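The values are calculated or read from the model by the stated rules, or taken from the named source; none is laboratory data. Note that the structure is a prediction, hence the values are computed from the model and not measured. Note that we place each Cβ from the backbone using ideal geometry, even for glycine, and neighbour counts take in every protein chain shown. Areas reflect the complete protein model, heavy atoms only, side chains present, ligands, DNA and RNA absent. Shrake-Rupley method; radii C 1.70, N 1.55, O 1.52, S 1.80 Å.
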Amino acid sequence: ATKATKATKATKASYLISEFQPNPTGLLQDSQKIELSGPPNTAFEGCIWSVEADGLATEEGAAAAATSFGMVNRINSVWGTFDANGLLAVTVPELENPSFTIFLSQSCPTGNVNINDNTAALLAAVQTIYDSIGVPDSVADANNLPLIRTTLDNPPGTDLGYIGGQPKLVFRDSSSGALYQVDDQGSASPSSVFDAHGTQMAVAEFDPDPRQTSFGVINPTRFSAMADIVGDPHIHTLDGGHYTLLREGSFLAWHFDLPQPHVEWQIFAHYAGRQSFTKGLLLVDTSGSEPSSMEITSERCEWQTQSNSKKWSSVNSTVPEVLLSG
């Protein structure tokens with residue numbers, strides 16, 4: 001990111017808040033971790049700070065200055081290098097309990113001021129705001145969070161919905177980037193997971209378990225978010241707009257069949273490696289009495305065919321006949 005002379009709003013954030021604990025379980029701690037995401041293997045310098053969202057004056061004629069709403073606090077310079085996965089876990093003093101909006105910016109505010117006192121000077125000091133997440137601990141505060149955002153000229157970010165209490169964990173889906181929050185039930189019952197709007201999600205839809213922190217490693221992914229595609233969870237849309245890499249394994253990518261004449265084709269895809277690269281495609285034709293197959297792998301970049309002989313042999317043409325005729 002290049003420095004600017006005034007605050008700018010990024011159209012596509014280069015840096016994001018990936019995971020943090022708004023109110024860590026247990027007694028007060030001296031420090032806590034916050035995970036950021038950005039370009040892999042690059043150095044980063046920035047600032048994490050928060051704005052108080054509790055105590056907005058609601059009575060007619062009440063002075064907003066008499067409340068804590070809008071006060072800037074927990075100002076911390078952060079730096080480090082993003083790892084090969086684009087993750088950087090930084091340590092900061094423990095955040096004040098919600099409600100608040102946490103910000104990630106290029107530079108730090110000049111002091112503990114109220115955002116309403118000299119908004120222009122504050123925005124000039126922080127330069128680019130990369131990301132922000134509003135966390136409420138009541139319905140009233142959830143309704144008030146947008147006031148912070150509009151005062152600061154609508155920076156990139158999300159205001160979370162109220163989930164019945166203070167979330168103990170907020171994280172981004174490692175595939176879609178969607179925000180999720182985990183409530184704190186203490187020892188009463190297992191924690192639940194909610195989306196950014198405050199709608200409860202099924203824990204079983206995530207892999208791995210989203211109720212545990214994962215600082216420094218890839219966050220959980222909600223696989224049922226891809227439920228519109230049957231079989232291969234890597235394909236997000238079929239119009240070429242997106243291709244979402246999720247996890248390793250072999251999956252049914254495509255299936256075509258006709259009752260008369262009987263035609264049944266399947267394409268399986270195998271993914272492997274840290275970024276789940278495509279390692280092989282297997283085409284299976286079960287239309288006839290004896291199934292036949294064709295495959296291409298990254299190990300042998302040529303099409304192989306298998307039929308009744310059960311032996312794989314090279315295909316002379318670089319384009320499978322089944323593709324030319326279909």
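For this structure, a couple of remarks:
- Against the list (1) open to solvent by 40 Å² or more (accessible area, probe 1.4 Å); (2) among the charged types (D, E, K, R); (3) part of a helix (DSSP H, G or I), the condition Arg149 fails is (1).
- Number of residues in the stretch 95-104 that are surrounded by 24 or more Cβ atoms within 10 Å (Cβ to Cβ) and among the charged types (D, E, K, R): the value is 0.
- Checking each residue in the stretch 133-142 for being free of Cβ contacts under 8 Å to residues at least 60 places away in the same chain and crowded, with 20+ Cβ neighbours inside 10 Å picks out only Ala142.
- Residues satisfying the stated conditions in the stretch 274-289, i.e. open to solvent by 60 Å² or more (accessible area, probe 1.4 Å) and at pLDDT below 75: Arg274, Gln275, Phe277, Thr278, Lys279, Ser289
- Any pair with Cβ under 6 angstrom, 6 or more apart, that starts in the stretch 105-127 at a residue that is open to solvent by 60 Å² or more (accessible area, probe 1.4 Å) and ends at one that is assigned to a helix (DSSP H, G or I): Thr110/Ala125
- Hits in the stretch 178-195 - residues which are surrounded by fewer than 16 Cβ atoms within 10 Å (Cβ to Cβ) and modelled with pLDDT of 85 or more: Ala178
- Selection status of Ile163, more than 17 Å from Ser50 (Cβ to Cβ), open to solvent by less than 30 Å² (accessible area, probe 1.4 Å) and not in a helix (DSSP H, G or I): yes
- Taking each residue of the stretch 143-165 that is in contact (Cβ under 8 Å) with a residue 40 or more places away in the chain and looking for partners that are surrounded by fewer than 19 Cβ atoms within 10 Å (Cβ to Cβ) and hydrophobic (A, V, I, L, M, F, W, C) with beta-carbon atoms closer than 6 Å, six or more apart or interchain, yields Pro156/Ala10.
- Every listed requirement among (1) in contact with a Lys or Arg (Cβ under 9 Å, 6 or more places away or on another chain); (2) modelled with pLDDT of 95 or more; (3) under 29 Å from Phe215 (Cα atoms) is met by Glu96 save one, (2).
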